[in-house]
Amino acid sequence: MSSSPPERRGGGADGERGEEAAAPGARAAAGLGRRRSGDPSSSRQRSADEVWPEHFVEAVAAQVAVDATRSAGRLAAAPAVVAVFQVCSTWRAVSRSELLWQDLCRRVWSRRRSSLPSWRDEFVRLHRTAANFRNRRCAYSQLLPASSDALSCRRLALSDHHLVAGFHDGSVLLFDLPAGQLLATYRADPLRDRLGRFSQAISGIILLAEPNECLTFSSQDGDIHVASLDVSGSVRRAHVGNLMEDGTLVDFTGDARWWVGLFAGVPGRSWHIWDADTEQLVYVGGTLTDSHAILGWHMLTDLSRPVLARTRIAEPGIVVGCTPTSMEVVDLNDSGTILNQQELPHGAVVDSVDACECRVMAVDSRGLAKVREVATLQELCRFNTGRRVEGQQQQGTVRVKACMNWCYAIVCSGRGVRVWDATTGAYLYSFRERIGEAAVAAANDRYVSAWADDSGLHLWDFGAL
């Protein structure tokens, strides 16, 4: 494992902006703890603790941190709340409140579960990891070499403690993180009848961390499997697919509440939604992939073509689906109701589609990436990936893979792995390692992983330093 130090630093500027944003709020809050000259008994200055109960001070600190986040980014929250603690010793004592740090982890970092003994430690960990990501401080490792039998990875999924890789032969590998040790290999039923060479190719992985980690994965023939995260490698088939009735399961995603499948091949049956608790199918319908039905059938025998469709959970109860020509937002809580849809006049490189925290990103055929608000599909920012893919994409020779975490957009192309700020569209840096053309990539708040057919499986850990 090698370490990649930063070439340039950007965190300091964020911290300075955060303190500037927090200072007025902190000074105003401190002023509320003093009497005005015209008030009764103004001759005696009252201390802050006489006027401000602890929960009021916690609320002020939390609001200052949230305001700094909105104006200058998440890295501004820490220096902003530290500025609040400097008002007086009584206010500084609030820094020991676990309720405050739990609230800050939720409101600033969207974190509802702590992996460390205290919420303060969790906030510090998240801030340091984000600062490492901003400044390209990471540890790099190669988990698997390129396969000698031309085995290609189709899907990747990350959690705090595990990485899961699904391959076109139907195998699923589970790795421990951060060590990168291979823990288990899962396989679908090898005796099941197959319609097409790639009918058992992995088409989606759901790796959940809360409350207990669990793994669900699907294959293109529509089968859905549930696996236990242990060395036994035991697999249970939760749903038996029906290719002739539904078509090819092009992509599969979900969370603790829903499983969502995007099918192509049979008109009017694009979306399939299951209740994750009962594993029962609750909705079938939609026309998103109807115009690509023939290509859906071709995926069973040919995986060299451009990707047909992607679907991602964008926020609880909301899923977004995308084909090369259109994008849809679907309400999972309301029987698959379409909340919004948009035609894509310049087409989309579907493997560049990802969603995170109410935002969705896609790169079009001109190489222009757009980040949109999911509910309205209104554009939030854009950036140029520097590669026009229109003509080459049709020949299946260009791979532009992209993924998102809560702050950043990671794009893998012939120029390497590059990172943009997903809130402003500002270009940040490129990874040092050259891995070749990536076939798939995934990211969360700490890790980035990518598979390239020429170089194997790669992992970047931004929380190790």
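Being touching a residue at least 12 places away in the same chain (Cβ under 8 Å), in the same structural domain as ALA438 (by TED's automatic domain parsing) and part of a strand (DSSP E or B) is true of ALA184. Going by the conditions given, is GLY33 part of a loop (DSSP other than H, G, I, E, B), surrounded by fewer than 17 Cβ atoms within 10 Å (Cβ to Cβ) and either among the small types (Gly, Ala, Ser) or modelled with pLDDT of 50 or more (or both)? Considered against the rule, which asks whether it is part of a loop (DSSP other than H, G, I, E, B), surrounded by fewer than 17 Cβ atoms within 10 Å (Cβ to Cβ) and either among the small types (Gly, Ala, Ser) or modelled with pLDDT of 50 or more (or both), GLY33 comes out as no. Scanning region 160-174 for residues that are in contact (Cβ under 8 Å) with a residue 40 or more places away in the chain and either over 21 Å from GLY241 (Cα atoms) or touching a helix residue (DSSP H, G or I) at 6+ places or on another chain (Cβ under 8 Å) (or both) yields a total of 7.
Conditions tested, residue by residue: (1) outside the structural domain of VAL250 (by TED's automatic domain parsing); (2) at pLDDT 95 or above; (3) not aromatic (Phe, Trp, Tyr).
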{"site": "TRP101", "(1), (2), (3)": "yes, no, no"}
{"site": "ARG106", "(1), (2), (3)": "yes, no, yes"}
{"site": "ALA130", "(1), (2), (3)": "yes, no, yes"}
{"site": "ALA150", "(1), (2), (3)": "no, no, yes"}
{"site": "ALA157", "(1), (2), (3)": "no, yes, yes"}
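The strands (runs of 3 or more DSSP E) located wholly in region 379-428 that include 3 or more residues which are of a type outside the set (A, V, I, L, M), modelled with pLDDT of 90 or more and assigned by TED's automatic domain parsing to the domain that holds VAL448 occupy 379-384, 416-421. With respect to being within 30 Å of ASP169 (Cβ to Cβ), outside any strand (DSSP E or B), at pLDDT 90 or above and of a type outside the set (A, V, I, L, M), PRO324 fits the description.
Within region 259-299, the set of residues being under 20 Å from LEU195 (Cβ atoms) and in a helix (DSSP H, G or I) comprises HIS292, ALA293, ILE294, LEU295, GLY296, TRP297, HIS298. Taken over region 429-450, the residue count meeting the criterion of being part of a strand (DSSP E or B) and within 24 Å of LEU465 (Cβ to Cβ) is 10.
The values are calculated or read from the model by the stated rules, or taken from the named source; none is laboratory data. Bear in mind that the values here come from a model prediction, so they are computed numbers and not experimental data. Don't worry about glycine lacking a Cβ; one is built from the backbone with ideal geometry, like all the others, and counts go over all protein chains shown.
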